[in-house]
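The values are calculated or read from the model by the stated rules, or taken from the named source; none is laboratory data. Worth saying up front: this structure is predicted, and the values here are computed from it rather than measured. Counting neighbours? That spans all protein chains shown, and the Cβs are built from the backbone with ideal geometry, glycine included.
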Amino acid sequence: MKAGDRRRLRRARMAALGLTPALGTPEAPVTPLSVARWMGALQAQDYSSGVWSIGVRSGLTLAEIERAVADRQIVRTWPMRGTIHWVAAEDARWMCELLAPRVLASLGPRYAQLGITQDEVEKAGVLFEEHLREPMSRPDVLSLLADHGIDPAGQRTYHLVGHHCMTGLLCQGPLAGKQPTFVLVDEWVPLSRKPSREEAMTTVIERYLRSHGPATEKDIAGWISGTLGFVRAALELIGDRVIREDVGGQTWLSHVDAPAAGDGPGGVHLLPQWDEFLLGYKSRDVTLPDEHVVKVVPGRNLVFQPTIVVDGEVAGVWKRHESRDAVVVQATPLTRLTAKALRGLEASSAAYARFLGREVELRVEGD
């Protein structure tokens, strides 16, 4: 792919992802709910990464995002890929019912390894229906299972809870201290939408294309852990709202309602470990140079480092450390940063401080 085409695709993605510029306008102020609706879902198996994924797109603070959780506007649950995402609360049940069955059908060997039987899965579901009408912390869920003869050891509780989140029975509630809580969707969510299957398919794929495009069919299928057949059926339903463009020997898909990319560079961002910027795509060639892959994904196992992104391309990694008086952001550039990029990194660090409501000290390796 030509460098100019790659740069153009990167900048279009940054606009779609709500990063350059951030989401929201004076006429339509951004909220955690509007971010979740726009993105469709944001990967969030790590809580601190997940809330910053919302914060970096909105300028909202951690306290404002957690208030939206307490107000039951957004929830964390397992809609796809067998992992946790933020979604609009009203979408939690139908998204899980549409997208999770394929993952559930693949878990038999893992359940056998853990000694989880179908009887235990069903018994756990009955216990959850009886006892999780209010948010219950993970330690209390372990005790509930143990008290009723279900071994909660190791990964067993994680899989039993995750199973019933994927069926649409449960979702996560607010944190209890630092512990996640779990609650019945029907008790926690004020309103669950009930779209038809075709409406659900088009909603998921249109939201993805608006917020992640340009992307390929394989990117979409990877994001939902679905088949190309499912994706192509949904694209046919969407019809002429999909824009197709051939670049570098591939067909790239966007949405007619995607925001226009700016003419200038895409800014500098401190992105969290599990951000959609990388996790939202099957192939990351547009945004992650080959020479940086081993530094960003040391084990080549989808365990990504938090990234420094300059003009839509990974240019470094960073880590968060707690000091006595502040949060320390230790930045490690993987390429030489210009003076302008360094100023952008300082601005991104200041934005992170506003989000946390704490002082943040930026330390740049080699500076």
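Structure notes:
- Residue pairs meeting the criteria (Cβ under 6 Å; at least 6 apart or on separate chains; first assigned by TED's automatic domain parsing to the domain that holds LYS218, in the stretch 282-307; second modelled with pLDDT of 95 or more and of a type in the set (Ser, Thr, Tyr)): none
- Filter result (over 21 Å from VAL35 (Cα atoms) and in a helix (DSSP H, G or I)) within the stretch 194-206: ARG197, GLU198
- Annotation: GLU130 fulfils all but one of (1) part of a helix (DSSP H, G or I); (2) buried (at least 20 other Cβ atoms within 10 Å of the Cβ); the unmet one is (2).
- Unmet requirement for ASP151, which otherwise passes all of (1) surrounded by 13 or more Cβ atoms within 10 Å (Cβ to Cβ); (2) part of a helix (DSSP H, G or I): (2)
- Of the set (1) modelled with pLDDT of 95 or more; (2) closer than 30 Å to ALA70 by Cβ, all apply to MET14 but (2).
- Single match in LEU144, LEU209, LEU191 (criterion: in contact (Cβ under 8 Å) with a residue 40 or more places away in the chain and part of a helix (DSSP H, G or I)): LEU209
- Single residue of VAL329, VAL317 found to be in a strand (DSSP E or B), free of Cβ contacts under 8 Å to residues at least 24 places away in the same chain and of a type in the set (A, V, I, L, M): VAL317
- Cβ-Cβ distances below 6 Å connect the following pairs, each with a first residue in the stretch 1-23 that is assigned by TED's automatic domain parsing to the domain that holds TRP38, a second residue that is of a type in the set (Lys, Arg), and a separation of six or more residues or different chains: GLY18/ARG57; ALA22/ARG57; LEU23/ARG57.
- Residue satisfying condition, being without any contact (Cβ under 8 Å) to a residue 60 or more places away in the chain and out of contact with any Cys (no Cβ under 6 Å at 6 or more places or on another chain), within set VAL231, VAL268, VAL247, VAL204: VAL231
- Boolean, TRP52 is under 18 Å from the mean Cα position of the chain (by Cα), in a helix (DSSP H, G or I) and closer than 17 Å to LEU169 by Cβ: no
- Boolean, ALA63 is assigned to a helix (DSSP H, G or I), in contact (Cβ under 8 Å) with a residue 24 or more places away in the chain and either over 28 Å from GLY226 (Cα atoms) or in the same structural domain as PRO272 (by TED's automatic domain parsing) (or both): yes
- Every condition in (1) outside any helix (DSSP H, G or I); (2) of a type in the set (D, E, K, R); (3) closer than 18 Å to VAL317 by Cβ is met by LYS295 except one, and the failing one is (1).
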